[in-house]
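Here's the structure, in structure tokens; my notes come after.
The values are calculated or read from the model by the stated rules, or taken from the named source; none is laboratory data. Note that the structure is a prediction, hence the values are computed from the model and not measured. Because the Cβ atoms are built from the backbone with ideal geometry, glycine has one as well, and the counts that use them run over all protein chains shown. Surface accessibility is based on the protein's heavy atoms, side chains included, excluding ligands, DNA and RNA. Shrake-Rupley method; radii C 1.70, N 1.55, O 1.52, S 1.80 Å.
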Amino acid sequence: MPQTVLLAEDDRAIRHALERALTLEGYRVTAVADGVEALAQAHRTPPDVLVLDVMMPGIDGLQVCRVLRAEGDRTPILMLTALVETADRIAGLDAGADDYVVKPFDVEEVFARLRALLRRTANGGAAVDVPEKAPVPERWIDAAGLRMDPQARRAWRGKRELELTRTEFELLELLVRNEGIVLDHSTIYDRIWGYDFGPGSKNLAVYVGYLRRKLDEPGAPQLIHTVRGVGYVLRED
């Protein structure tokens, strides 16, 4: 069965062009013109992945994302945005989006990001509480004061549980599994997105910055360190 895409874009030319391109790529596409239609369609027939334009009249893409996440819907979401400031991108991640593409975009980049999101569709699994002073189950990974349960897709720093998007979780898991090892940009792009977006992309830097905001605590050591010109490393200094 072809994978299903719910596309919400108010610009008719972009909507029709992207709908056609996705259909030719083998997806089954439902295209709508605004956030109200997007929510209605997502509730009626949940898709495999959503592609949401940020700026739409009425209910915009960020609001659609917030509503779905508040309902517990973890369907992967790719945002289309003409906004290039880091703060605007962070707003999308804050709303619960998994990734974004900046307009004008190459349709091949959209395809690559959708493939990566669909490959990383969250695994099922019951939530598991961290028992105080209990041994760490073998399925968990533990490094630099962080504890992760990849099956349940939950993570903690100390006793504090971290609220992470799918991409943030994947990135943190990669760093935790390679504690003390400097991972270069190309390696991280390949492992997390399945595609190296090149030296001009700020995608990784945005996600690392956002992850740091969720990890860092007053008086506690920073865990994710930048190795200038190379990449990132997780260590507790």
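Look at region 148-176 and say how many of its residues are over 19 Å from the mean Cα position of the chain (by Cα) and within 15 Å of Ile224 (Cα to Cα). Residues that pass the stated criteria total 1. Considering only region 189-204, I want to know if a residue exists there that is open to solvent by less than 40 Å² (accessible area, probe 1.4 Å), of a type in the set (Val, Ile, Thr) and either in contact with a strand residue (DSSP E or B) (Cβ under 8 Å, 6 or more places away or on another chain) or at pLDDT 85 or above (or both). Scanning region 189-204, I find no residue that is open to solvent by less than 40 Å² (accessible area, probe 1.4 Å), of a type in the set (Val, Ile, Thr) and either in contact with a strand residue (DSSP E or B) (Cβ under 8 Å, 6 or more places away or on another chain) or at pLDDT 85 or above (or both), so the answer is no. Among the conditions (1) open to solvent by 60 Å² or more (accessible area, probe 1.4 Å); (2) at pLDDT 80 or above, the only one that Gly124 does not satisfy is (2). Kindly evaluate Ala33 against the criterion of being over 24 Å from Glu170 (Cβ atoms), open to solvent by less than 70 Å² (accessible area, probe 1.4 Å) and out of contact with any strand residue (DSSP E or B) (no Cβ under 7 Å at 6 or more places or on another chain). Yes, satisfied.
As for region 52-70, it holds at least one residue that is modelled with pLDDT under 90 and among the acidic types (Asp, Glu). The residue list Ala13, Ala42, Ala21 contains one member that is over 30 Å from Arg213 (Cβ atoms), outside any loop (DSSP other than H, G, I, E, B), modelled with pLDDT of 90 or more and open to solvent by less than 60 Å² (accessible area, probe 1.4 Å), which is Ala21. Here Gly96 meets each of (1) modelled with pLDDT of 90 or more; (2) on the phi > 0 side of the Ramachandran plot; (3) not hydroxyl-bearing (Ser, Thr, Tyr) with one exception, condition (1).
I'd like to check something: does region 147-154 contain any residue that is closer than 20 Å to Asp94 by Cα and either modelled with pLDDT of 90 or more or open to solvent by 10 Å² or more (accessible area, probe 1.4 Å) (or both)? Within region 147-154 (the criterion being closer than 20 Å to Asp94 by Cα and either modelled with pLDDT of 90 or more or open to solvent by 10 Å² or more (accessible area, probe 1.4 Å) (or both)), the answer is yes, since at least one residue qualifies.
Residues that are in a loop (DSSP other than H, G, I, E, B) and either free of Cβ contacts under 8 Å to residues at least 60 places away in the same chain or among the small types (Gly, Ala, Ser) (or both) within region 199-226 comprise Pro199, Gly200, Ser201, Asp216, Pro218, Gly219, Ala220, Pro221, Gln222, listed in sequence order. All told, Val101 falls short of being part of a helix (DSSP H, G or I) and in contact with a Leu (Cβ under 7 Å, 6 or more places away or on another chain).
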